[in-house]
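As structure tokens, the structure follows; a few thoughts come after it.
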Amino acid sequence: MSKRRRERIDRGIKARSGDIFALTSYREMLYVAVPPLLPVIGLIVLPLLLPTYWQKVLISTAIFALLAMSWDFLACVGMISLGQALFFGLGAYCAGIMDHYWGFPIWLSIPLGTVAGSALATVVLLPVLRLRGVYFSMVTLVLPLMFERIIEATRVFGGTEGLTGLKSFPNHWVELYLLSAITLGVLFGLRRLMTTDFGLVLKAIRDNDRSVMSGGINIYAVKAQALFLGGCIGAFCGAYMTHVYMFVGMPAFALDYSILPLAAAVVGGMGTFAGSLMGAFILVPLSEALRGVGGLRTVLYSLSLVVFIVALPEGIFHYMKRKYHQFERWVEVEQ
Amino acid sequence: MLEVTLIYGFINSTILALVALGFSLTFGISGVSNFAYGAMYVMAGYVAWILLNKVALPFWAAAVIAVFATAGLGAALYRFVLLRVRGLVISEVIATFGVGLAILELFRYLGFTGFEYTLPVFSDGSIMIGNTYVDHQRLWIVGCGVALAGGLYLFTHHTRLGLAFRGIAQDDRTSLSLGIHADRIAGISVAFGSGLAALAAIVVLPRGTISVNEGYDVLINAMAVCIVGGLGSTVGVVVAAFLIGYAQMITDTVSGPHWKMIVSLVAILIILVVKPSGLFGKQKELEERI
């Protein structure tokens, strides 16, 4: 009985188009260009094709994709957050306050809310930047709950009722395409960022923070910058949704905004951002299609999270990427 | 007024200690994450309620079955989920948290909310301590809390199994070389912790109604007590429970019940910033922060 093993080999076209930058046929050009073009085309065309109801679903899908990418970015630096709702909620409240109390126009309250919310979240998390792994996660899990309770207890900013009657977008095309553009910008921006020197430092902090320190780099400053960047993405989601709903309240700190992005990133595959996008575009419409499940939605998400972490920890994106670039065959093991 | 605060603060602290013991046994002493702890606590309550009211079992039988069912669920959680991601701390946290979330939200979806979901008290009536009425159930809670905390201390310091629990937290491989089957012990630890959660639920829940949200509160309280007390220390759990318990009671009387939960959250934050290994924690003093 001879033994066999599975061998993975790069496809010829991968070898031809991967390293040598002299693409000689349309086939090779398409091989390189199609995967990154898919999300671009999808996000430009989908708003035109979808009926109104599914446009709303597209909005929440893109929001969760953004949150998942921001989670993924923080995870790249070794900061595993269990509370993306912190960024979302702070961004939402900052934008809401600027609109409700100061009367800022929408094109001012969204960017300012984004920056202010993220800065606030960074300041709140500054003392715990020294913590690693599970301890950092616990703090992030606790913080959104704490903000929710504080708002409930102090009744500031409308308390349990929240702030209502905020300004909305001029029309829903602006709403849709602004989000599409931001999502694409974040996707390709973060992918590019991770290949720069700064991205290298970030990855090194995740892998071995002490050796980065010994290289003379102030890792707390770098971590704070990364936190602010990732926080900006999350806070933008909050500020944007505030104006979509024309409302901001305690649900902005809800567990959904922490757990769904996490599920999307894990299902899609961590570390590539495209995986997070893909995970969100699988999970959110899926739960929407199973409309009857309603309250079961969180159950569905948490179960998919568990199943993927246990059964396919690499995620769908990595799996598909492997199939795209490589083929597999069974070969005899030489005795 | 002061007397009431003192007595009820004491009871509140015992409840915290009771609720945190199982979490401390699993997460603190054996180093295995079980963030489905709150869900197990609530589940035990609902299982006992269903057995009592739908199956019409006597109370003691319902309680025993609930405890064993929860312990069984803990064992299954370890065998089918945790075992496969053992050692990847973050995956452990995410996976168990996901399981807990699924259980809790499933109960919410099935409509287990309302005032009819209550467990019966062990014995009715109340006694006077000084000028304060204390009902019997709260005395039971104090009794169980003291017994369990003492029992846990003796268990982890003077039995082979208990010492094995502490062994695998310190070093998996060394304990393996001393004949401790680390995987099996970790599984038993999760089952024990879940059983303790169920026990705490049976004793504590008769005070009020069983609600899904309590699952999150219990998890946060248990985490707060374990982190403040320091992982792996039974004494730490008791001291932290009293610190947080009285702090909660005082905030409750001074600023109202809404602030009560914030105390545990703030306690977690402060201790993690100042001394992440906790007041009495000795393990991993250097590893968790840079």
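What percent does the relative contact order of chain A come to when contacts are Cα pairs within less than 8 Å and at least six residues apart?
Details: 497 pairs, mean separation 110.6, N = 335.
Relative contact order of chain A: 33 percent.
Mean residue ellipticity at 222 nm from the helices of chain B, using -39,500 (n - 2.57) per DSSP H segment of n ≥ 4 over the full residue count, to the nearest 500 deg cm²/dmol?
About -23500 deg cm²/dmol.
Hey, what did chain B get for relative contact order, percent, Cα under 8 Å, at least 6 apart?
34 percent
Which three lengths, in whole Å and largest first, does segment B:1-54 cover when its Cα atoms are put on their principal axes?
Dimensions of segment B:1-54 along the principal axes of its Cα atoms: 39, 38, 11 Å.
Along its three principal axes, how long is segment B:1-132 when you only count alpha carbons? Whole Å, largest extent first please.
Dimensions of segment B:1-132 along the principal axes of its Cα atoms: 55, 38, 25 Å.
Please give the Cα centre distance for segment B:3-69 versus segment A:189-207, rounded to the nearest Å.
Computed from Cα coordinates, the inter-centre distance equals 45 Å.
How do A:142, A:45 rank when sorted from fewest to most other Cβ atoms within 10 Å of their own Cβ?
A:45, A:142
Determine the calculated [θ] at 222 nm for chain A from helices alone, applying -39500 (n - 2.57) to every DSSP H run no shorter than 4 residues and normalising by the residue count; nearest 500 deg cm²/dmol. Before the final figure, lay out the partial values.
Numbers: 14 runs with 235 residues, N = 335.
Helix-only estimate at 222 nm: -23500 deg cm²/dmol.
Multiplying the sequence separation of residue A:197 and residue A:218 by 0.36 nm and subtracting their Cα-Cα distance, what value in nm do you get? Before the final figure, lay out each step's value.
Details: separation 21, 0.36 × 21 = 7.56 nm, distance 1.46 nm.
My answer for the length gained is 6.1 nm.
Tell me the Kirkwood radius of segment A:1-146: reciprocal of the mean inverse pair distance over distinct alpha-carbon atoms, in Å.
About 19.6 Å, per the Kirkwood formula over Cα pairs.
Could you list A:115, B:212 in order of exposure, starting from the residue whose Cβ has the fewest other Cβ atoms within 10 Å?
A:115, B:212
Compute a Gaussian network model of chain A, connecting alpha carbons closer than 10 Å, and tell me which residue from A:248, A:212, A:310 fluctuates the most.
A:310
Quick one: in chain A, what % of C-alpha pairs are over 34 Å apart? The partial results should precede the final answer.
Details: 16096 of 55945 pairs.
Beyond 34 Å sits 29 percent of the P(r) for chain A.
Among A:209, A:256, which comes first, then next, by fewest other beta-carbon atoms within 10 Å? Mind dumping the intermediate values first?
On the way: A:209 20, A:256 17.
Fewest-to-most Cβ neighbours within 10 Å comes out as A:256, A:209.
For chain B, set up a Gaussian network in which alpha carbons nearer than 10 Å are linked by springs, and say which option among B:206, B:58, B:276 fluctuates the most.
B:58
I want to check the label-to-label distance for residue B:88 and residue A:210. Put each point 7 Å from Cα in the C-beta direction and report it in nm to one decimal.
For the pair residue B:88/residue A:210, the computed spacing is 2.4 nm.
Assuming R0 = 51 Å, can you tell me the calculated FRET efficiency for the pair residue A:37 and residue B:140, based on Cβ-Cβ distance, to the nearest 0.05? Present the calculation step by step, with values, prior to reporting the outcome.
Working: r = 67 Å, r/R0 = 1.32.
The pair residue A:37/residue B:140 has a calculated efficiency of 0.15.
May I ask you to derive the FRET efficiency for residue A:164 and residue A:289 from their Cβ-Cβ distance with R0 = 35 Å, giving the value to the nearest 0.05?
Values: r = 30 Å, r/R0 = 0.87.
Efficiency for this residue pair is about 0.70.
Would you mind computing the Rg to Rh ratio of segment B:226-280 from its alpha-carbon coordinates, Kirkwood style for Rh?
Ratio of gyration radius to Kirkwood radius: 1.01.
Using alpha carbon centroids, what distance separates segment A:208-245 and segment B:106-127, in Å?
44 Å
Which cross-chain or sequence-distant (5 or more) residues have an amide H under 5 Å from the amide H of residue B:129, H modelled 1.01 Å from N in plane?
Placed amide hydrogens put B:134 under 5 Å from residue B:129.
Tabulate in residue order the Karplus-calculated ³J(HN,Hα) for segment B:2-13, using 6.51 cos²θ - 1.76 cosθ + 1.60 with θ = phi - 60°, rounded to whole Hz; enter x for Gly and Pro.
Running phi through 6.51 cos²θ - 1.76 cosθ + 1.60 with θ = phi - 60° gives 4, 4, 4, 4, 4, 5, 6, x, 4, 5, 4, 5 Hz.
If you average 1/r over all unlike Cα pairs in chain B and invert the result, what Kirkwood radius do you get in angstrom?
Radius from the Kirkwood sum: 19.3 Å.
Please list, in chain and number order, the residues 5+ apart from residue A:269 or on another chain whose amide H is under 5 Å from its amide H, with Hs placed from the backbone.
Here A:316, A:317 satisfy the definition.
Given labels modelled 7 Å from the Cα in the Cβ direction, how far is it in nm from residue A:123 to residue A:5?
With each label point 7 Å from Cα toward Cβ, the separation is 5.7 nm.
Using a Gaussian network model of chain A whose springs link C-alpha atoms within less than 10 Å, name the residue from A:158, A:275, A:96 with the highest mean-square fluctuation.
Ranking A:158, A:275, A:96 by mean-square fluctuation puts A:158 first.
Taking a cut-off of 28 Å between Cα atoms, list the lysines near residue B:275, but don't count ones fewer than 8 places away on the same chain.
A:203, A:223, B:260, B:284
Over the Cα atoms, compute the radius of gyration (one decimal) and Dmax (the largest Cα-Cα distance, rounded to a whole number) for the protein assembly as shown, in Å.
26.0, 93
Values in this text are rule-based calculations from the coordinates and carry no lab data. Being a predicted model, the structure only gives us computed values, none of them experimental. For neighbour counting, all protein chains shown are included, and Cβ atoms are generated from backbone atoms with ideal geometry for every residue, glycine included.
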